[in-house]
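Participant: I have a structure I would like to understand better, so I am pasting it below and will then ask my questions one at a time.
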Amino acid sequence: MSSTAPWWRSAVIYQVYIRSFADGNGDGIGDIAGIHSRLPYLKSLGIDAIWINPWYKSPMADHGYDVADFRAIDPRFGTMAEAEALIEEAHRHGIRVIPDIVPNHVSDQHAWFRAALAAGPGSAERERFVFRPGRGPDGAEPPNDWMSCFGGPAWTRLPDGQWYLHLFAPEQPDLNWEHPDVRAEFEDILRFWFSRGVDGFRIDVAHGLVKHPELPDLPPRRDPDAPAPAERVPHPHWDRDEVHEIYRAWRRVADEFPGDRSFVAEAWADSPARLANYVRQDRLHTAFNFDFLMASWDARQLREVIDGSLTTLGSVGAPATWVLSNHDVTRHPSRFGRKVVKKWVANETYRPEGPLDFELGTRRARAAALLMLSLPGGAYVYQGEELGLPEVEDLPDEVLQDPCWERSGHADRGRDGCRVPLPWSGQEAPFGFSPEGATGEPWLPQPALWKDHSVEAQTGDATSMLELYRRALHLRRGLPALGEGDMTWLDAPAGVLAFTREPGFVCVVNLSAEPYQLPEHTSLLLASGPVEDGLLPQDHAVWLSR
Ligand code: BGC
């Protein structure tokens, strides 16, 4: 890749889920001081940037995705001065910083929503949100049949009789993006943070902002196994074409600032072509490629996703991004350690079922890391993925905090299992997550087996997940073939993915049951597990030099 290409076209971005990364003040909740103290770790891991989940003032109904004030840091996480110091210090370490921005909704404690409640039906203050009368006798039925992503209806009724829309929790009222105040406010928030030195933003629910003006009922649910209809039926609140006007304006804001500021969209689109709309030249820079994350451990599916993503994103001049895990989905060693039993549909909850074979999941996760980090474009590493952490599936009911748990009437255990505080060192909780003498317990209990997964336990152990990630990330930095660029598939039997990247690099992943004879090479750069007699076993991957 040319060294003048903007950094975001090939960056490896490490996701810091702030509550669970490192606790600096000993209250059991991760914070900015904790991130600051771990910058040397991040630097030595070899990543280019960090994306930090929301750190703004929030009542924490959805762990910070319910923002009360975008221009203030939540006291649980620190202060504005600490945030500014973190940005500066990260830059000194050569690490860029990308906060999360949450434009679809705010907290019910945000000044605008409180003013809207106080001002009453028909007021100008309510126009910034989506308030409607109900249906049926006395307006006792919600205005339409939309569902909250966390379960239950997407509408809550107020004592004055009006209903308001919330695609997530009732504490997260949706904003009305037709309102000029909303547009102006967010452009101002972007400038506020860009001028404090942030390098970009991750845009939460980027595909949800614009709703059909008439708020019609949902279309009938499509059978995920049926072929897609010839003509796409627009959804009343996901991925509507009008949303792109907003991002054209945001792009202009980013371009006002020096130094390649960039956006990454969290947009769950139902095809690569729909995703590509977010990253056309006048819009956002990149978008998470969830098709890769949703693919099962199947060579044909993965190859289709890789080809489809590269061709479609490439056709609009955007780089691909690759992602295996984040704070909303089951950690991938625990996904890959199972038979995929149902099809994963964008915008629908996916929880794996059936018994877990964690060794199998880990083997596949190691191979998947080598695949992901050698594909053209950028990649995301979710904290703890480099430690091979499993999903914690046996958290006791009484500690669960994700709003999904209550909202689904305890049908869905939610996302807490991928958010358990990280193990850094030591033999028992808090495993170095909190400092010596901490007064608070980690906000979710850490399992005893965290001791084997800690940074300390894995450092220097050549067979550990951490050392695999370190070596892969360091090789990636040094190898001109990796990052952005082209790839060419090599002929290989069904179940084997093999491709070259020039100059002189080959990646081979064997997803078939038969050991695979490696192609000719001059050296083996990295392997996800033992390779004997040039035979790559099932669920293993290698990087080769030709
Ligand atoms: C975030 C979630 C959050 C939701 C509502 C998402 O897609 O990643 O963690 O609960 O948006 O803001």
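The values are calculated or read from the model by the stated rules, or taken from the named source; none is laboratory data. Bear in mind that the values here come from a model prediction, so they are computed numbers and not experimental data. A quick note on method: Cβ atoms are made from the backbone with ideal geometry, for glycine too, and the neighbour counts reach across all protein chains shown. Surface accessibility is based on the protein's heavy atoms, side chains included, excluding ligands, DNA and RNA. Shrake-Rupley method; radii C 1.70, N 1.55, O 1.52, S 1.80 Å.
Participant: Please give the contour-minus-distance gain from Arg135 to Glu214: 0.36 nm per residue of separation, less the Cα-Cα distance, rounded to one decimal in nm. Let's see the in-between values first.
Facilitator: Details: separation 79, 0.36 × 79 = 28.44 nm, distance 1.38 nm.
Full-extension gain reported as 27.1 nm.
Participant: May I ask you to give the solvent-accessible area per residue for the stretch 486-545, in square angstrom, as obtained with a 1.4 angstrom probe?
Facilitator: That works out to 46 Å² per residue.
Participant: Using Cα pairs under 8 angstrom and six or more residues apart, how large is the relative contact order of the stretch 111-165, in percent?
Facilitator: Here the relative contact order equals 29 percent.
Participant: Further question: Among residues other than Arg240 whose Cβ falls under 13 Å from its Cβ, what is the net charge (Lys/Arg +1, Asp/Glu -1)? Provide the component values of the computation, followed by the final result.
Facilitator: Values: positive: Lys211, Arg232, Arg274; negative: Glu178, Glu214, Asp239, Asp241, Glu242, Glu245, Asp270.
Summing Lys/Arg as +1 and Asp/Glu as -1 gives -4.
Participant: In degrees, nearest 10, range 0 to 90: what is the angle between the Cα axis of helix 180-194 and the longest Cα principal axis of the chain?
Facilitator: Helix 180-194 and the main axis of the chain meet at about 40 degrees.
Participant: Turning to a different aspect of this structure: Taking all protein chains together and a probe of 1.4 Å, list Val345, Val392 from the most accessible to the least accessible. The partial results should precede the final answer.
Facilitator: Values: Val345 45, Val392 15 Å².
Descending order: Val345, Val392.
Participant: Additional query: Restricting to bridges with both residues inside the chain, how much of the DSSP beta-bridge set is antiparallel, in percent to the nearest 5?
Facilitator: Bridges in the chain that DSSP calls antiparallel: roughly 60 percent.
Participant: Could I ask something else about it? Please give me, ordered by residue number, the trypsin sites (Lys or Arg not before Pro) of the stretch 221-252 that lie in loop per DSSP and have at most 14 other Cβ atoms within 10 Å.
Facilitator: Answer by residue number: Arg221, Arg222, Arg232.
Participant: Once you put a point 7 Å from the Cα of Glu436 and another 7 Å from the Cα of Ala494, both along the Cβ direction, what distance in nm separates them?
Facilitator: Here the modelled spin labels are 6.1 nm apart.
Participant: Starting from 0.36 nm per residue, how many nanometres of slack lie between Ala72 and Phe257 once their C-alpha separation is accounted for?
Facilitator: 64.5 nm
Participant: Efficiency by 1/(1 + (r/R0)^6): what FRET value for Asp145 and Ala513, r their Cβ-Cβ distance, R0 = 41 Å, to the nearest 0.05?
Facilitator: Details: r = 46 Å, r/R0 = 1.13.
Using R0 = 41 Å, I get an efficiency of 0.30.
Participant: Further question: Per DSSP H run of n ≥ 4, the term is -39500 (n - 2.57); total these for the chain, divide by its residue number, and report the mean residue ellipticity at 222 nm rounded to 500 deg cm²/dmol.
Facilitator: -7500 deg cm²/dmol
Participant: Follow-up. Separation of the stretch 439-500 and the stretch 510-526 by C-alpha centroid, Å?
Facilitator: 18 Å
Participant: What FRET efficiency comes out for Asp223 versus His179 if R0 is 41 angstrom and r is the Cβ-Cβ distance? Round to the nearest 0.05.
Facilitator: 0.65
Participant: Still on this model: Using only Cα atoms, find the angle between the long axis of helix 465-478 and the longest principal axis of the chain, and express it within 0 to 90 degrees, rounded to the nearest 10.
Facilitator: 80 degrees
Participant: Further question on the same structure: So which GluC sites (Glu not before Pro) in the stretch 161-237 pass both tests, a DSSP loop state and at most 12 other Cβ atoms within 10 Å of the Cβ?
Facilitator: Glu214, Glu231
Participant: If you don't mind, there's one more thing I want to ask. For Gln162, what is the net charge nearby, where nearby means another residue's Cβ is under 9 Å from its Cβ and Lys, Arg count +1, Asp, Glu -1?
Facilitator: Net charge in that neighbourhood comes out at +2.
Participant: 7 Å from Cα along Cα→Cβ at both Leu535 and Arg196: what's the point-to-point distance in nm?
Facilitator: My value for the distance between the label points is 5.8 nm.
Participant: Counting Lys and Arg as +1 and Asp and Glu as -1, what is the net charge of the other residues whose Cβ lies under 15 Å from the Cβ of Ser523?
Facilitator: Taking every Cβ under 15 Å from that of Ser523, the sum is +1.
Participant: In whole angstrom, note down how far apart the Cα centers of the stretch 64-109 and the stretch 385-401 are.
Facilitator: Comparing the Cα centres of the stretch 64-109 and the stretch 385-401, I get a distance of 25 Å.
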